[in-house]
Amino acid sequence: MSEYERMKNTLLPMLVALLMSSHLFAQDSTGMIRDTIKTDTIVSVNEPVSKVTIDETPKMKGPVYKLKLPIDIPVTAVTTATTLFGFSKIYNKERLTVEEVESLDPQTVNSFDRSATRHYSEKATKVADALFYGSQPLPLIFLLDKRTRKDFPKLVLLYLETMGVTGVPYVTAVYFGDRYRPYTYNPEAPMDFKLRGGSRNSFYAGHPALVATSTFFMATVFADYHPESRFKWLFYTLAGAATAGTAIGRYLGGRHFPSDLIIGVTMGTASGLIIPRIHRNKDLANRKTVVMPFFGESNGLTLVRKF
């Protein structure tokens, strides 16, 4: 089974399942987030107050993300379709010839990338593939959290849009790039494997790009729905580790040069971080300073700043 067929058989059913679970795309759900607050100053009116403890954090009602469906749905449909069509093209390129492969010289590769031509590890590639295929259905985790569960259809649409934003420039670059993979320069790699059309798909690294997109999207959404949580940094750490692990596996497997990996990781991380944030409800993102009355053993005013 070719690499394209493996990706199609894995990703296409996942996309269909996500779309079927999100039949309520047109409904705009309401989310709840909790704002962290900081007490800066206390002005006493009747009695001096040295310290105030606020037990409950005020809640703000409203959707965490606002989508413009007449725009977001067509953008998602076009980018997803373009990406899937692009995969069918880049993994069905014309095969290389033996003469073409034998003419390749590692010394013609720039010094920054040349070290990749010395690597060819199927074991490392399998580890990277496991991280890649394991990261794609991560949005299903949002069904386990009560805050994100009610917005799941919206988050699925946002996820597909984010993946499409990563996918279109990737398939475009690979289709027109035709850069030989590092293993084509390595005598340890089997000749039959080198002759595949996909051996021209080195620029740039798609596996790390898509892993970064998926994992950093998940971390960003969790942080936006749980801004008060101490665990949000754990999600970002896991996203970085999964992305780095995929990049290292693809490098040791001889699939990509370091420059390919840097570009892929950068593009994927940017999509995973930026696309959810530009859809974030700006009304909830505004930072305001509020003066609140304080009553109890002492009376006064509390200056509260929301972050």
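Considering the conditions (1) under 11 Å from the mean Cα position of the chain (by Cα); (2) of a type outside the set (D, E, K, R); (3) within 25 Å of residue 114 (Cα to Cα), residue 193 is excluded by exactly one of them, (1). Applying the criterion of being β-branched (Val, Ile, Thr) and crowded, with 17+ Cβ neighbours inside 10 Å to the residues of the range 112-157, the residue that is nearest to residue 221 (Cα to Cα) is 148. Of the residues making up the range 177-203, those that are more than 13 Å from residue 94 (Cα to Cα) and assigned to a helix (DSSP H, G or I) number 8. Residues in the range 158-211 that are out of contact with any Ser or Thr (no Cβ under 9 Å at 6 or more places or on another chain), surrounded by 24 or more Cβ atoms within 10 Å (Cβ to Cβ) and among the hydroxyl-bearing types (Ser, Thr, Tyr): 0 in all. Scanning the range 94-122 for residues that are assigned to a helix (DSSP H, G or I), within 28 Å of the chain's Cα centre (by Cα) and either without any contact (Cβ under 8 Å) to a residue 24 or more places away in the chain or closer than 25 Å to residue 176 by Cβ (or both) yields a total of 1. What number of residues in the range 117-146 are touching a His at 6+ places or on another chain (Cβ under 7 Å) and either on the phi > 0 side of the Ramachandran plot or of a type in the set (D, E, K, R) (or both)? Within the range 117-146, residues that are touching a His at 6+ places or on another chain (Cβ under 7 Å) and either on the phi > 0 side of the Ramachandran plot or of a type in the set (D, E, K, R) (or both) number 0.
Quick note: the coordinates plus some simple rules give every number you see, no bench work behind them. Because the structure is predicted, anything quoted here is derived from the model rather than measured. For neighbour counting, all protein chains shown are included, and Cβ atoms are generated from backbone atoms with ideal geometry for every residue, glycine included.
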